[in-house]
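Let me begin by presenting the structure, written as C-alpha cells, before commenting on it.
What follows is calculated from the coordinates using simple rules that are stated; it is not laboratory data. The model shown is predicted, which means the values in this text are computed figures rather than measured ones. Note that each Cβ is placed from the backbone with ideal geometry, even for glycine, and that neighbours are counted across all protein chains shown.
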Amino acid sequence: MIDTLAIFNDLSSTLDPAAARKIAELMGKMYLDLSNVVTKDEFKELTDVVRDLGGIVRDLSKTVKELTEAQHQTEQRLNELAKAQKKSEERLNELAEAQKKTEQRIYELVEAQRKTEQRIYELGEVQKKTEERVNELAEAEKRSEERLERLEASVQDLVEAQVKVEERVSKLEITMHELAEAQKKTEQRIHELVEAQRKTEQRVNELAEAQKRTEQRLNELAEAQKETEQAIAKLTRGLEITREQLGGLSRSVGYALENEAYRNLPSILKSRYNIEVVDRLIRTYISDVEVNVFGKARQNGREVYIVGESVLKLDDRSKLKAVWDKVNVVREEFGGEVIPVIVTHFAKPDVYKRAQKAGIIVIQSFEWI
C-alpha cells in the first residue's frame, strides 16, 4: 500500500500545498489502478517505479525551490544595482549644481572686477581734472603776482613823480592852490591804489582758501584710492582661492573617472577588442611623466601595454597628441607594442572620429553603465 500522506508531506515542503495534494492523489490512483491489472512481481516493480518517480518529483521540487531562490537573489541584486545607479545619478546632479554655482560666482566676481576698473578709471579722470584745476590756479596766482609787481612799480613811479612835483614846487614856486590840487589828486590815486591792493589781497586769500580745499580734496581722493587698492587686493585673493577650489574639484572628478576606468576597462577591452588585461591597471609615473592608466595585456597571443589618458571631455585635438606623447614615453622605456586608450565622459564627434583614424581606442563612461 502506497503512503500518499507521506508523499504529500514531502512535496508540500517545496511545492504549493494544492499542487502537492494533486500529485499525491494521482500517484495513489496510479498505484490502485496498477495493483488491479498486474501480477505481484510486476506490481512490485511498478511500486519501485512509483517510488523512484516520487524521488524524481522531490528532486524536481528541490530544483524548482533552488531556482526560485536564485531568481529572488537575482532580483535583489538588480534592486541593489538600481539603488546604486540612482545614488550615482544624484551625486552627478549635485556636482553639476555645484559647478553651476561656481560659474555664477566667477561671473559675479568678474562683473565686480569690471565695475572696480570702471570706478578706478573715473577716479583717474577726476584726478586729471583736479590737476588741471590746480594748474589753472597756479597760473592765476602767477598772474596776480605779476599784477602786484606792476602795482609796486606804479607806486614807485608815483613816489618819484611826487618827488619831482615837490622839486618843481620848490623850484617853480607854484601856487598853494595848484599844490593843494596836486596833493588832492595824489591822495585820490593813493586811495585807489590802496583799494586795488585790498582787492588783490582778498583775491589772494580766496585763492589760498581754494588751494586749501583742493589739497583737502586731494587727500580725500588719496584715501579713496587707498581703499580701492585694498578692495582690489581682497578681490585678487578671493579669485586665487576660487581658482584653487576649482582646480581641486577638477582633480577630484578626474580621479573618480580614472577609478571607474580601472574597474570597467578590462571587461570592455576583452569583449570588444579581444584584449585581456594581465596585470591590474594602475596610475603611475614613467620617466617622470604621469600616466593615468597603465598595465600589461595580451591580444591574440601577443604581449602589449595599455597606456590610457582620462579627460572629462574630449573636445580638443591637442588631447590626442598628449596621449601619443605618453605612448612614445612607454615605448622608449619598455619597447614592444603599445595600445593607446582615452577614457572620457563625453567625446566630441569630430574629435572621436579623428581618434579612431589615429588608432586610439576611445571609451565613454556611459558605455560601461
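Fewest neighbouring Cβ atoms within 10 Å first, the residues 334, 294 line up as 334, 294. The modelled label-to-label distance for the pair residue 358/residue 256, using points 7 Å beyond Cα in the direction of Cβ, is 2.7 nm.
Dimensions of the range 259-343 based on its C-alpha atoms, expressed as ranges along the principal axes with the largest first, amount to 32, 27, 20 Å.
Quick one: if the Förster radius is 25 Å, what FRET efficiency do residue 287 and residue 312 give, using the C-beta to C-beta distance and rounding to 0.05? Computed FRET efficiency for residue 287 and residue 312: 0.45. Relative contact order of the range 274-368: 23 percent, from C-alpha pairs under 8 Å at least 6 residues apart in sequence. Put a dot 7 Å past the Cα of residue 3, heading toward its Cβ, do the same for residue 116, and the two dots end up 9.4 nm apart. By other beta-carbon atoms within 10 Å, ranking 306, 363 with the fewest at the front produces 363, 306. Between residue 208 and residue 33, the modelled labels are 14.0 nm apart [label points 7 Å from Cα along Cα→Cβ].
I want to make sure I understand the PRE zone here: with the label point 7 angstrom from the Cα of residue 77 toward its beta carbon, which residues in the range 256-275 have backbone N atoms less than 11 Å away? It comes to no residues whatsoever. Shown for 285, 31: other C-beta atoms within 10 Å of each C-beta, ranked fewest to most, produce the order 285, 31. With a Förster radius of 30 Å applied to the beta-carbon distance between residue 276 and residue 66, the computed FRET efficiency rounds to 0.35.
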